[in-house]
Amino acid sequence: MGRVRSTSSSAPLASYPAHEHSRAPEFYGFVAWTSTYLLFGLYLLWALLPDALIIRLGIDWYPSREWSLLLPAYSIILVLLTYFTYFALALYNQPAMSSASTITDSYSRYPSYERLHSTGPMTAELLDAPIDFVNKALYS
């Protein structure tokens, strides 16, 4: 018996036809790419061309040239402020070091208080160490 192709009626499972993807993201990406370069080129022309040439091109009103330096500077400050805010929110939402939500789960097994403070010889059983004891041992 010969090899059975997956698209034949005697195949155990017929293969599905390939899903046709939309090409819309490609077009949107191309438009975003070209418009970004176009706007950057216009920004450079506005920042570097002399006023007489811009007026000769028929553009009577345009923002002051100081904005060609202020916009990038403000953008950098905004990015740094965003990073700082994200870091501050992460620290603010961090639970306390003694919080049980940092390590515990439904499978945690803790030793009893008497077992932790006993002085007699014993074989160590495999148990979880409470976070308070770990923090005191590591950070005190």
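Quick note: the coordinates plus some simple rules give every number you see, no bench work behind them. In this text the structure is predicted, and so the values were computed from the model without any measurement. In this analysis, Cβ positions are derived from the backbone assuming ideal geometry, glycine residues included, and neighbour counts consider all displayed protein chains.
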Worksheet entry | Amide H contacts under 5 Å for LEU49, placed H, 5+ residues apart | none
Worksheet, complete the sentence: Exposure proxy check on THR85, THR102: fewest-to-most Cβ neighbours within 10 Å is THR85, THR102
Worksheet, complete the sentence: Quick calc, TYR139 & TYR110: beta-carbon distance into FRET formula, R0 35 Å, rounding 0.05, result 0.95
Worksheet entry | Spacing of the two label points (7 Å from each Cα toward its C-beta) at TYR37 and SER101, in nm | 4.9
Fill in: Proxy reagent accessibility, fewest Cβ within 10 Å first, across ASP60, ASP132
ASP60, ASP132
Worksheet item: Taking 1 over the mean of 1/r across every pair of different Cα atoms in the range 23-62, what Kirkwood radius in Å do you get?
Response: 11.8
